[in-house]
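Since every read-out is calculated from the coordinates, none of them should be taken as a lab result. Note that the structure is a prediction, hence the values are computed from the model and not measured. When we count neighbours, we look across all protein chains shown, and the Cβ atoms used for this are built from the backbone with ideal geometry, even at glycine.
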Amino acid sequence: MKTPAKKSNKPEARLMGTLVYLDEPQVVLLEHGPDARIIGVAIDKEGYDYGFLGAEISFNQLVNYLRELVDLRNLFLVPRYRSWYLFDLALTNENQIVPLKRATKEDYQNEEFLPAPQFFARNHTEELVELPTAELVKQKYLIDGTWSPQDLSIFFARINDLYSFFLGIKKFQSSVTSLDQKKQFIRAFSDHPLRGGSSYVGLYGDLKGLLGFEERLAMGAIKKESPGYLDIEGKSEVLSEITSALCVYSQNAEEITAHYKQLHSFLSKMKLLKAEPDRFDPTSPVAGRIKELSKHFATLLNVDYTAIETLTGKHILLSAKILLSHYRRIERYNLFFIEGRVQFPEEDYAEFFVEPPQGVQEHLVQTLPKLLPPQET
Amino acid sequence: MSGSIKAASKFVEQLPASCPPAEAVAVNYETIWRYVNSNPPIESDFQSHAMRNKNPPPGVDPCRWASCSLFLIDNVNNLAYKALPKVKKKYKFLAQLKVTHLCGVTLSNGRHVDFWRFSGVIPNVTRVIAL
């Protein structure tokens, strides 16, 4: 099936509305394809009654702008579709269609036409009904000044895999998710043979791709100092679920790891780690044993085995491998904490755990090295 | 604006039918801001585009087009609109005003206030800041 184009090539766009009004429209938003939006700022240009310079951005960029992760100028400097346009609002027709003209480099690099830094979405004077909103929260992680861009990238990837996994299951179980979307989640879980590293990457990649732009995980403000911090933004209940999973793991790491090794070792002995899923006999005693181990493993991890089973089409081997991969991701995420490279702010502990598992706060306080400066005595 | 009032029953500009909107109210603002071009501000600094015989772009409400944009904010340093290219080019100052219920009617959506001034009302400017 041909994937629909993300942006239109037509020299026109649909006016969605005004974002800033000051005696006249100053910032407007146009739609130019399923993913493409053109954000325009009013400019003074000869030959135009109500001239605008527009930058063609992606929906994801628009969401990040609305979340105030980037300012307006950023959208004009690095628009996703690397296209800039001039348009005159006076030429809008009765269907809200505005003709576009490609802007020259002299136009889109003209500082007189570009917004200055530090103009954020909080300054909007108008509300657009079509703009996305989502119940998103920021999760702060305390870091120190030694973090490199690679460290940030790896850490974000660890959380993002877990985020996609938990949100994927939630969406699959949700009554508002359409049947077609649910089938896509099933395909994501069951289409990958999970015989090697790239296959697992494919699984998590597919899950991320099924999430709406407005609900995807995003990296926010970063302060690389000692102490510093990193903000991660995402759906509140999913971030809480990741933290709960971390807590469950850290409280019972020995038993969970032992069970991981037991399940992994069994699959290895049965030469099933790299076996073709289609050749797996679900009626064999081996399958029965795998299911038994998997169910217990899922209970230890506090993961819904029934959901995993449904998503894999009741494929016992795939379900086991997904649980193993999930464990590895939690373990790698936890490593950042164990190594003392990251910590939750203390005031967040109570926020995470409405009913904290007994001893978890003391446990976390003991195992997570302080990154804050020592108290003066 | 608590300046002299000659005829509070009429508006300073000719307004379209059903304008100002029914939900516009005459209220007091101790401090409210207007982007202007002169220091001290002159009458033309408070005129709408309609008053200047400019036609609104399609989709812009003619009633709004005949209003004057004012801004409410706790800290004027947080008024960021000079970052926008046309605002930066067009306006040189920020005028701090005092508006009362005798000055006109307003429609606020939080930060932005549409203002329809009564005829004969002279804006009460308390301070002017250069942008």
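Considering all projection directions equally, how large on average is the shadow of the alpha-carbon convex hull of segment A:145-283, in square nanometres?
Working: hull surface 44.8 nm².
Average of the hull's projected areas for segment A:145-283 equals 11.2 nm².
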Could I have the simple spin-label model distance between A:Lys140 and A:Leu77, label points 7 Å from Cα toward Cβ, reported in nm to one decimal? 2.6
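Loop only per DSSP, at most 11 neighbouring Cβ atoms within 10 Å: give me the GluC sites (Glu not before Pro) in segment B:5-67, ordered by residue number.
Taking segment B:5-67 and a limit of 11 other Cβ atoms within 10 Å, the loop GluC sites (Glu not before Pro) found are B:Glu23.
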Tilt relative to chain A, helix A:285-301 - C-alpha long axis, 0 to 90 degrees, to 10: 60
State to the nearest 20 debye the size of the charge dipole of chain A about its Cα centre, where the only charges are +1 on K and R beta carbons and -1 on D and E beta carbons. 2260
Rounded, prolate or oblate for segment B:45-114? Axes are the square roots of the Cα gyration tensor eigenvalues, ordered a ≥ b ≥ c, and the cut-off for rounded is a/c under 1.5. oblate
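Considering only DSSP states other than H, G, I, E and B, which GluC sites (Glu not before Pro) in segment A:1-103 qualify as loop sites with at most 16 other Cβ atoms within 10 Å?
On the way: sites: A:Glu12, A:Glu31, A:Glu46, A:Glu56, A:Glu68, A:Glu94; in loops: A:Glu46, A:Glu68, A:Glu94.
Qualifying residues, ordered by number: A:Glu46, A:Glu68, A:Glu94.
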For the pair B:Lys92 and A:Ala221, the simple spin-label estimate (label points 7 Å beyond Cα toward Cβ) gives in nm 3.7
Write out the cysteines belonging to the protein assembly as shown for which the nearest other cysteine Cβ is not under 4.7 Å, or none if no such cysteine exists. A:Cys247, B:Cys68, B:Cys103
Tell me, what HN-Hα J-couplings in whole Hz come from the Karplus equation 6.51 cos²θ - 1.76 cosθ + 1.60 at θ = phi - 60° for each residue of segment A:49-54, using x for Gly and Pro? 6, 10, x, 9, 9, x
With Cα atoms, 0 to 90° folded angle of helix A:197-209 axis to chain A main axis: 50
How large are Rg and Dmax for segment A:61-135 when only the alpha carbon atoms are used, in Å? 14.0, 40
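Let me check I've understood the local charge: for A:Pro99, count other residues with C-beta under 9 angstrom from its C-beta, Lys and Arg +1, Asp and Glu -1. What total comes out?
On the way: positive: A:Lys101; negative: A:Glu12, A:Asp88.
The answer is -1.
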Between the Cα axis of helix A:253-269 and the main Cα principal axis of chain A, the angle (0 to 90°, nearest 10) is 80
Pairs over 26 Å Cα to Cα, from A:Lys140/A:Lys314; A:Lys45/B:Lys82; A:Lys101/B:Lys92; A:Lys10/A:Lys182; A:Lys140/A:Lys170, come to A:Lys140/A:Lys314; A:Lys101/B:Lys92; A:Lys10/A:Lys182
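Return an integer: the convex hull volume of the alpha-carbon atoms of segment A:1-127, in Å³ per residue.
Details: hull volume 14.9 nm³, N = 127.
Cα convex hull per residue, to the nearest whole number: 117 Å³.
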Residue-wise, which Karplus ³J(HN,Hα) couplings in Hz belong to segment B:94-109, taking 6.51 cos²θ - 1.76 cosθ + 1.60, θ = phi - 60°, and x for glycine or proline? 10, 9, 8, 10, 10, 10, 10, 5, 8, 8, x, 10, 9, 10, 10, 10
Amide H of A:Met16 versus every other amide H placed in the peptide plane: which residues, excluding those fewer than 5 positions away on the same chain, fall under 5 Å? A:Leu29, A:Leu30, A:Glu31
Roughly how many debye, to the nearest 20, is the charge dipole of chain B about its Cα centre, given +1 on each Lys and Arg Cβ, -1 on each Asp and Glu Cβ, and no other charges? 520
Peptide B:105-113 - average C-beta neighbours from other chains (10 Å radius): 2
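Against the globular-protein guess of 2.2 N^0.38 Å, express the Cα radius of gyration of chain A as a ratio, rounded to two decimals.
Details: Rg = 24.8 Å, N = 377, 2.2 N^0.38 = 21.0 Å.
Rounded to two decimals, the normalised Rg is 1.18.
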Sort out the exposed loop trypsin sites (Lys or Arg not before Pro) in chain A (DSSP loop, at most 14 other Cβ within 10 Å) and tell me the longest stretch that has none. A:83-270
Hey, got the average number of other protein chain Cβ atoms within 10 angstrom for residues in A:23-29? 6
About the Cα centre, charge dipole magnitude for segment A:14-162 (Lys/Arg +1, Asp/Glu -1 at Cβ), debye: 580
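Shielding by partners for A:69-76, please: the mean number of other protein chain Cβ atoms within 10 Å of each residue's Cβ. Don't skip to the end; give the middle numbers.
Numbers: counts 0, 0, 2, 3, 1, 0, 0, 1.
Counting Cβ atoms of other protein chains within 10 Å of each residue's Cβ and averaging gives 1.
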Sparse-neighbour loop sites [GluC sites (Glu not before Pro); segment A:244-333; at most 14 other C-beta within 10 Å; DSSP]: none
